[in-house]
Amino acid sequence: MTFPAKHISISINKTVEDVYRFASDPFNLPKWAAGLSGSIKKEGTDWIADSPMGKVKVKFADPNSFGVLDHRVTLPSGVEVYVPLRAVANDNGSEVIFTLFRLPDVSDQHFMEDAQMVERDLKKLKDILER
């Protein structure tokens, strides 16, 4: 079985290395990823973030040179959500691509709202990096 997916992307006029360096730092999440993090802190080996759903655990992809910013979010219910996120070179700038999966029991309205939230988060990332 596969979930329906929506790819949401934004062009950023910064190198992929600059985008990756900023976006891969968990402490920067509250600056741009409102959908995930009102705040974030390290507790032992875990990253714990405040989200609209409550406290969530976030596991980030290991540091890499490929622009992979994937992470797994464990919701308060215990459900784990995989979040594919990439920064790829786009000439002298970057393209940041977020894949939003529509999970079972998610309504059309909720999926659309999630996509709009991701778009706002990516726009905020762009605004911060292009200042």
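The values are calculated or read from the model by the stated rules, or taken from the named source; none is laboratory data. As the structure is a prediction and not an experimental result, all values here were calculated from the model. Because the Cβ atoms are built from the backbone with ideal geometry, glycine has one as well, and the counts that use them run over all protein chains shown.
A few notes on this one:
- Qualifying residue in region 63-84 (condition: under 13 Å from Ile8 (Cα atoms), of a type outside the set (Gly, Ala, Ser), touching a Phe, Trp or Tyr at 6+ places or on another chain (Cβ under 9 Å) and surrounded by 15 or more Cβ atoms within 10 Å (Cβ to Cβ)): yes
- Some residue of region 93-116 being of a type in the set (A, V, I, L, M), under 14 Å from Glu17 (Cα atoms) and surrounded by 13 or more Cβ atoms within 10 Å (Cβ to Cβ): yes
- Residue list for region 118-131, restricted to those being loosely packed, with under 15 Cβ neighbours inside 10 Å, among the acidic types (Asp, Glu) and touching a residue at least 40 places away in the same chain (Cβ under 8 Å): Glu130
- Which listed residue is of a type in the set (A, V, I, L, M, F, W, C), modelled with pLDDT of 90 or more and under 16 Å from Val118 (Cα atoms), from Ile40, Ile12, Ile48: Ile12
- Among residues of region 15-34, those that are surrounded by fewer than 21 Cβ atoms within 10 Å (Cβ to Cβ) and either closer than 13 Å to Leu69 by Cβ or of a type outside the set (Phe, Trp, Tyr) (or both), counted: 12
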